[in-house]
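See structure below.
The values are calculated or read from the model by the stated rules, or taken from the named source; none is laboratory data. Since the structure is predicted, the reported quantities are computational estimates derived from the model, not experimental observations. Positions of Cβ are backbone-derived with ideal geometry, glycine not excepted, and every protein chain shown enters the neighbour counts.
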Amino acid sequence: MMKTEIFASAYRRLRERLLPGAARMLSDTADGEDALQDVFCRLWTCRDSLASQEDVERMGARSLRNECIDTLRRRARRDAEDATPADCATRDYDELFAEVDSLMRKILSARDREILIHRERDEWEYDELAAYYSLSPANLRMIVSRARRTVRDEWLNLKNQKS
């Protein structure tokens, strides 16, 4: 079990080292602070499984990078939604979703399709998915990654065949 002092010491050292990078990635110091705080709140809940300060530092750095990437993806998705006219975007989105949904039904298992829909369309966080499906967040990331790749590859194959 990790002592609070060791964890706090790791937080202070990592904060100084990682905050500038997170702020640069997210183009905002406040967003970088938020991402760092979120990461350490999650690490705090699993501190008993972290054996040393090096484990905290390694997991913190990796988790912060992933948190920044997720934040940028959410921001890009939100910006894309704001940039398109509502009536045109809704019609195109509905048509596209129907095509992709049909494709997903053909090539993905029911569980993988449902997980991908919850993650992408419904914007569930990995922690929510993990609780709902009784799977680890790492396992869910792998399922989502493979499902995305499978759908993307099949989509590109269909588009190439039509061309």
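Before moving on, here are some points about what is shown:
- Of all residues in the range 106-163, those satisfying the criterion of being exposed (fewer than 15 other Cβ atoms within 10 Å of the Cβ), of a type in the set (S, T, Y) and in a helix (DSSP H, G or I) are Y132, S145.
- Of the residues making up the range 120-136, at least one is modelled with pLDDT under 85 and not aromatic (F, W, Y).
Here is a yes/no grid of residues against (1) free of Cβ contacts under 8 Å to residues at least 40 places away in the same chain; (2) surrounded by 12 or more Cβ atoms within 10 Å (Cβ to Cβ); (3) not assigned by TED's automatic domain parsing to the domain that holds E123:
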site: F7; (1), (2), (3): no, yes, yes
site: A22; (1), (2), (3): no, yes, yes
site: D34; (1), (2), (3): yes, yes, yes
site: E54; (1), (2), (3): yes, no, yes
site: N66; (1), (2), (3): yes, yes, yes
site: L72; (1), (2), (3): no, yes, yes
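- Look at (1) closer than 23 Å to R119 by Cα; (2) modelled with pLDDT of 90 or more and you find that A76 fails only one, number (2).
- R58 meets the conditions (1) within 28 Å of R15 (Cα to Cα); (2) modelled with pLDDT of 90 or more in every case but one. The failed one is (2).
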